[in-house]
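Note sheet for the following structure.
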Amino acid sequence: MADPVITTIEIILMVPVALILGVLFLFLFRKLNARFQWRVGPVIRMYSDLAPLIGKTRIWQPLYDILKLFGKDTIITDVAHRRLFVYSPYFSLLFAISAAFFIPFPGMELLSSVPYSLVIASYLIISSILFTILGPVASGSPWGAIGARREVELFLVSELSFVLSIFSIALSSGTLVISEIAGRGWSAPSILLSLTSGLLLFVAMLGKLHIKPFDMPEAEAEIVAGPYTEYSGKLLGIYFLSKTFLTYVLVALFIALILPPASTSIFWLPAWAFAAMVLVFLLTVVQVLNPRYRINNALYWYVKVVIPVGLVSFIIAFFIRVVA
Amino acid sequence: MGIIDRARVYSPWLYHLHCGGCNGCDIETLAALAPRFDAERFGIQLVASPRHADILVTTGCVPKQFIPMVKRVYEQVPEPKVVVAIGGCACGGSLFYEEEPENYAILGSPDLMIPVDVYVPGCAPKPEQIINGIVQGILKLAAKGSSRKRREV
Ligand code: SF4
């Protein structure tokens, strides 16, 4: 492991970096979404006559949304289980931020070289999502409960594809340390493995970030706002903040695991940024091209696609392991 | 202007409360958010839950059966909040409203039970008018937000 002082500095630096990148990814997502729908989306350069009144740019729009929520009243309903309702967003945020510490960023190794960092990171991501389920369950609202139930079902299947993907990669490189996986070399079978497990991880990201066709937990036309229905003000802001960090974490994890040397050194930063943008672009394309699935369709689809691809992925990983 | 006050102006979220009316105003309100006028350029977004909203957009005259729901939705919006009434119905009952003899089903405009901040008359108002009304609402929202902070200090 690296020098503890450097690691500490990197960890402190990581929080704003992850926040900024998360906000930029969400902005890109919204902007591309709007462009696909023939709209303009949040403007990058404000019209010159409006700029003195409402700011020069809206690149930070997701951050403004969060800040605005911090300035509003927070309503806690009588029927809510108060403690769980209030603390869940904070725990979700805490786990999402700490997951960012275990994933390498170009030029920053952070804690990704500690033993079993892959397992730790995946557990932190799972815990963060778990608290986005627990809070709504405690809210006492039927919409929140339905949203949470859908989220649990979606979470179980998306977790299947997540685990199949990361462990076939771990199997092929024979280690559970993210920094070693991120530094592995390329060969013909490993390209194939990156394709199959990349597909699985991408599908898992769709489920975890609630991107269509897997946005049924937040289906606003049917169940109000799903899990977030009863949340308002600061607590909702914390949930959005946690989602911002989670977006960064999943994108960074994808690049670290699937596109090997891109997150090892600072010289790879342009490639990392390009890969991240392409990934967000692909997520947007899937979002705009698809309608919302019903939950049983989604489960069926996951089982039908994920298990065969996962098996192929495992066979390739096994092959690499035996031959190498 | 502090950063939170500025953020309040930059990202107003609307909750669209349809109470009665003929649906004309609702179509125009959605047109204001659609590609032609695209209010999301300025961060204006339609949200699904009144708990997330800053601006309550009401359309239509209120049927008597709908009174408790309107009050409840208004109370669910966290402070600071602004109500924008869109259309002739929401401004004064329009053609559905009768004073004498009283209409058996229609109460009239929503300002008989909740405080309305901005009125956008017209049957139905054009999207430009609606956006103008929402901008007036945002200005009121900013004023309410900053005066609230002064009170707390
Ligand atoms: S104001 Fe006119 S268009 Fe709007 S709801 Fe009333 S009748 Fe319909």
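The values are calculated or read from the model by the stated rules, or taken from the named source; none is laboratory data. What you see is a predicted model; the values in this text were computed from it and never measured. Counting neighbours? That spans all protein chains shown, and the Cβs are built from the backbone with ideal geometry, glycine included. The protein model used for the area step is the full one, side chains on, heavy atoms only, and it has no ligands, DNA or RNA in it. Shrake-Rupley method; radii C 1.70, N 1.55, O 1.52, S 1.80 Å.
Looking only at segment A:185-234, residues that are part of a helix (DSSP H, G or I) and within 20 Å of A:ALA298 (Cβ to Cβ) come to 16 in all. Note on segment A:1-88: enclosed helices (runs of 4 or more DSSP H) holding 1 or more residues that are acidic (Asp, Glu) are A:4-36, A:61-70.
Residues in segment B:120-141 that are within 14 Å of the ligand (Cβ to nearest atom) and buried (at least 20 other Cβ atoms within 10 Å of the Cβ): B:VAL120, B:ALA124, B:PRO125, B:ILE130, B:GLY133. Residues of segment A:261-268 include none that is open to solvent by 30 Å² or more (accessible area, probe 1.4 Å) and at pLDDT 85 or above.
Exactly one residue out of A:LEU134, A:LEU124 is under 16 Å from A:VAL249 (Cα atoms), in contact with a helix residue (DSSP H, G or I) (Cβ under 8 Å, 6 or more places away or on another chain) and touching a residue at least 24 places away in the same chain (Cβ under 8 Å), and it is A:LEU124.
Taking the condition at pLDDT below 85, part of a helix (DSSP H, G or I), surrounded by fewer than 21 Cβ atoms within 10 Å (Cβ to Cβ) and on the phi < 0 side of the Ramachandran plot, does A:LEU160 pass? For A:LEU160, the condition - at pLDDT below 85, part of a helix (DSSP H, G or I), surrounded by fewer than 21 Cβ atoms within 10 Å (Cβ to Cβ) and on the phi < 0 side of the Ramachandran plot - is not met.
Mind checking which residues of segment A:211-230 are more than 21 Å from A:LEU134 (Cβ to Cβ) and either within 9 Å of chain B (Cβ to nearest Cβ) or touching a strand residue (DSSP E or B) at 6+ places or on another chain (Cβ under 6 Å) (or both)? Once the filter is applied, which keeps residues that are more than 21 Å from A:LEU134 (Cβ to Cβ) and either within 9 Å of chain B (Cβ to nearest Cβ) or touching a strand residue (DSSP E or B) at 6+ places or on another chain (Cβ under 6 Å) (or both), segment A:211-230 yields A:GLU220, A:ALA221. I'd like the residue in segment B:42-55 that is open to solvent by less than 20 Å² (accessible area, probe 1.4 Å) and of a type in the set (Gly, Ala, Ser) and, out of all such residues, is nearest to the ligand (Cβ to nearest atom). Selected residue: B:ALA53.
For B:ILE67, all conditions in the list (1) away from the ligand (no atom under 16 Å from the Cβ); (2) under 25 Å from A:LYS68 (Cβ atoms) hold save one; what is the number of the exception? With (1) away from the ligand (no atom under 16 Å from the Cβ); (2) under 25 Å from A:LYS68 (Cβ atoms) applied to B:ILE67, the lone miss is (2).
In the condition set (1) more than 13 Å from the ligand (Cβ to nearest atom); (2) modelled with pLDDT of 85 or more, B:THR58 is compliant with all but (1). Residue count for segment B:104-137 satisfying the condition of being touching a Cys at 6+ places or on another chain (Cβ under 9 Å) and not in a helix (DSSP H, G or I): 12.
The requirement of being modelled with pLDDT under 85 and open to solvent by 10 Å² or more (accessible area, probe 1.4 Å) is fulfilled nowhere in segment A:239-248; no residue meets it. Selection over segment B:56-81 of residues that are within 14 Å of chain A (Cβ to nearest Cβ) and open to solvent by less than 10 Å² (accessible area, probe 1.4 Å) gives a count of 4.
When restricted to residues that are within 14 Å of the ligand (Cβ to nearest atom) and aliphatic (A, V, I, L, M), segment B:20-41 contains 4. Of all positions in segment B:103-118, at least one carries a residue that is within 16 Å of the ligand (Cβ to nearest atom), exposed (fewer than 14 other Cβ atoms within 10 Å of the Cβ), more than 15 Å from the chain's Cα centre (by Cα) and not polar (S, T, N, Q). Residues that are open to solvent by less than 10 Å² (accessible area, probe 1.4 Å), modelled with pLDDT under 85, in contact with a Phe, Trp or Tyr (Cβ under 9 Å, 6 or more places away or on another chain) and over 15 Å from A:ILE166 (Cα atoms) occur at least once in segment A:110-118.
Within segment B:8-21, residues that are of a type in the set (A, V, I, L, M, F, W, C) reach partners that are part of a strand (DSSP E or B) and within 13 Å of the ligand (Cβ to nearest atom) with beta carbons closer than 8 Å, at six or more positions or on different chains, in the pairs B:LEU14/B:VAL57; B:LEU17/B:VAL57; B:LEU17/B:THR58; B:LEU17/B:THR59; B:CYS19/B:THR58; B:CYS19/B:THR59; B:CYS19/B:VAL62; B:CYS19/B:PRO63. A:ALA275 - would you say it is more than 24 Å from A:ARG149 (Cα to Cα), without any contact (Cβ under 8 Å) to a residue 24 or more places away in the chain and not polar (S, T, N, Q)? So A:ALA275 fits the description; yes.
Across segment A:26-76, the qualifying residues are those that are acidic (Asp, Glu) and out of contact with any Phe, Trp or Tyr (no Cβ under 7 Å at 6 or more places or on another chain), and the one among them that is nearest to the other protein chains (Cβ to nearest Cβ) is A:ASP73.
Of the listed requirements (1) in contact (Cβ under 8 Å) with a residue 60 or more places away in the chain; (2) buried (at least 19 other Cβ atoms within 10 Å of the Cβ), B:ALA85 misses just one: (1). For segment B:14-41, a residue qualifies if it is closer than 25 Å to B:PRO110 by Cβ, surrounded by 20 or more Cβ atoms within 10 Å (Cβ to Cβ) and either of a type in the set (Val, Ile, Thr) or at the interface with another protein chain (Cβ under 8 Å from one of its Cβ atoms) (or both), and exactly one does: B:THR29.
Taken across segment A:186-204, residues that are within 14 Å of chain B (Cβ to nearest Cβ) and free of Cβ contacts under 8 Å to residues at least 40 places away in the same chain do not occur at all.
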